[in-house]
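Engineer: Quick one: structure below, then a few questions.
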Amino acid sequence: MAEQEVVLLDFWVSMFGMRVRIALDEKGIKYEYKEQDLFDKGPLLLQMNPIHKKIPVLIHNGKPICESLIILQYIDEVWPDKAPLLPSDPYQRAQARFWADFIDKKVYDVGEKIWSTNGEEREAGKKDFFETFKTLEGELGEKTYFGGERFGFVDVTLMGFYSRFYAYEIFGNFSIEAECPKLIAWANRCLQRESVAKAIVDEKKVYEFLISLRKRLGIE
Ligand code: GS8
């Protein structure tokens, strides 16, 4: 294969960036990690993602790819030989994309309503939170991973959020494991993979970051 230059624009605590870090590591792709200051965005980020101005951005041989789920699919297409993320069967692929989309639309929202709120709003958010998590647990069922026996696209997508589970529990004053034990057992299985263990940031540091973000946003 021709020389590959792979650069990742990222921010250490980003669950979207963690997805990309897991996928690159699963595939054994070497890359240069470039931490971005999201509170004072640099010219490279603005040039590479002029539309959303967000991380993660994967820069492959000088060309940018934006949006974490699109980046995961790109990585899977460009480096298909090792650790396939999406199944080969079209129906199974569609299902995997459906659940990744569900995670993007729902898990993000229900999590925000726990850590970035207070009082009644947070209490109301808890119902939605567990409805979403139980839906995911139902989809997982008795399988080892979301796609079956093989760690894949949906697992990578959801594990990015795992780094926030501890923060959700502290802010929400609840236990995810008490309500969704199979989902936590699944997360622990994923964490045994080197790619995941390396990419997922320490949960307590994420919690501290969210406390500082609340202060910055004037929530208290
Ligand atoms: C979300 C990226 C995102 O929100 C994806 O890549 O999947 N749908 C996109 N990135 C955040 C950091 S993580 O919370 C970001 O870059 N925010 C900067 C900003 O909003 O200005």
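The values are calculated or read from the model by the stated rules, or taken from the named source; none is laboratory data. Worth saying up front: this structure is predicted, and the values here are computed from it rather than measured. Ideal geometry is used to build each Cβ from the backbone, glycine not excepted, and the neighbour counts take in all protein chains shown. Note: accessible area is taken over every heavy atom of the protein model, side chains too, but ligands, DNA and RNA are not part of it. Shrake-Rupley method; radii C 1.70, N 1.55, O 1.52, S 1.80 Å.
Engineer: Here are some conditions: (1) open to solvent by 20 Å² or more (accessible area, probe 1.4 Å); (2) under 29 Å from residue 165 (Cβ atoms); (3) over 19 Å from the mean Cα position of the chain (by Cα). Residue 66 meets all but one. Which one does it not meet?
Structural biologist: Just one mismatch for residue 66, condition (3).
Engineer: Follow-up question, since we're still on this one. Have a look at 83, 94 and point out the one that is in contact with an Asp or Glu (Cβ under 6 Å, 6 or more places away or on another chain), open to solvent by 10 Å² or more (accessible area, probe 1.4 Å) and farther than 25 Å from residue 213 by Cβ.
Structural biologist: 83
Engineer: Tell me, which residue of segment 69-106 that is acidic (Asp, Glu) and within 21 Å of residue 161 (Cβ to Cβ) is nearest to the chain's Cα centre (by Cα)? Please lay out each step first, then the result.
Structural biologist: Quick first cut of segment 69-106, residues acidic (Asp, Glu) only: 76-77, 81, 89, 101, 104.
Subsequent filtering for residues that are within 21 Å of residue 161 (Cβ to Cβ) retains 76, 101, 104.
Working: 76: 16, 101: 12, 104: 9 Å.
Filtering segment 69-106 for residues that are acidic (Asp, Glu) and within 21 Å of residue 161 (Cβ to Cβ), the one nearest to the chain's Cα centre (by Cα) comes out as 104.
Engineer: I've got another one for you. Which pairs turn up if I take residues in segment 194-208 that are touching a residue at least 60 places away in the same chain (Cβ under 8 Å) and open to solvent by less than 80 Å² (accessible area, probe 1.4 Å) and look for partners that are of a type outside the set (Lys, Arg) and outside any helix (DSSP H, G or I) with beta carbon separation below 8 Å, at least 6 apart in sequence or on another chain?
Structural biologist: Correct list of pairs: 200/163; 201/12; 201/13; 201/163; 206/13; 206/163.
Engineer: If you don't mind, another one. From the residues in segment 1-14 that are under 28 Å from residue 111 (Cβ atoms) and not charged (D, E, K, R), which one is nearest to the ligand (Cβ to nearest atom)?
Structural biologist: 14
Engineer: Now for a separate question. Please work out if residue 129 is over 24 Å from residue 194 (Cα atoms), under 17 Å from the mean Cα position of the chain (by Cα) and crowded, with 17+ Cβ neighbours inside 10 Å.
Structural biologist: yes
Engineer: Determine which member of the set 171, 165 is within 15 Å of the chain's Cα centre (by Cα) and either aromatic (Phe, Trp, Tyr) or open to solvent by 30 Å² or more (accessible area, probe 1.4 Å) (or both). Break it down stepwise before answering.
Structural biologist: Values: 171 fails: within 15 Å of the chain's Cα centre (by Cα).
So the residue among 171, 165 that is within 15 Å of the chain's Cα centre (by Cα) and either aromatic (Phe, Trp, Tyr) or open to solvent by 30 Å² or more (accessible area, probe 1.4 Å) (or both) is 165.
Engineer: With the requirement that a residue be over 22 Å from residue 16 (Cα atoms) and among the hydrophobic types (A, V, I, L, M, F, W, C), what does segment 138-180 give you?
Structural biologist: Within segment 138-180, 174, 178, 180 meet the criteria.
Engineer: Out of segment 15-41, which residues are out of contact with any Lys or Arg (no Cβ under 9 Å at 6 or more places or on another chain) and within 16 Å of the ligand (Cβ to nearest atom)?
Structural biologist: Residues satisfying the conditions are 17, 18, 19, 20, 23, 34, 35, 36, 37, 40.
Engineer: If you don't mind, another one. Mind checking which pairs have a first residue in segment 99-112 that is over 18 Å from residue 169 (Cβ atoms) and a second that is near the ligand (Cβ under 10 Å from one of its atoms) and open to solvent by 10 Å² or more (accessible area, probe 1.4 Å), Cβ under 6 Å, 6 or more apart or different chains?
Structural biologist: Pairs that qualify, where the first residue is over 18 Å from residue 169 (Cβ atoms) and the partner is near the ligand (Cβ under 10 Å from one of its atoms) and open to solvent by 10 Å² or more (accessible area, probe 1.4 Å), are 100/69.
Engineer: Which of the residues that make up segment 178-212 are in a helix (DSSP H, G or I) and in contact with a Lys or Arg (Cβ under 9 Å, 6 or more places away or on another chain)?
Structural biologist: Within segment 178-212, 179, 183, 186, 195, 198, 199, 203, 206, 207, 210 meet the criteria.
Engineer: Another question, then. Going through segment 52-62 one residue at a time, which ones are within 21 Å of the chain's Cα centre (by Cα) and open to solvent by 30 Å² or more (accessible area, probe 1.4 Å)?
Structural biologist: Once the filter is applied, which keeps residues that are within 21 Å of the chain's Cα centre (by Cα) and open to solvent by 30 Å² or more (accessible area, probe 1.4 Å), segment 52-62 yields 52, 53, 54.
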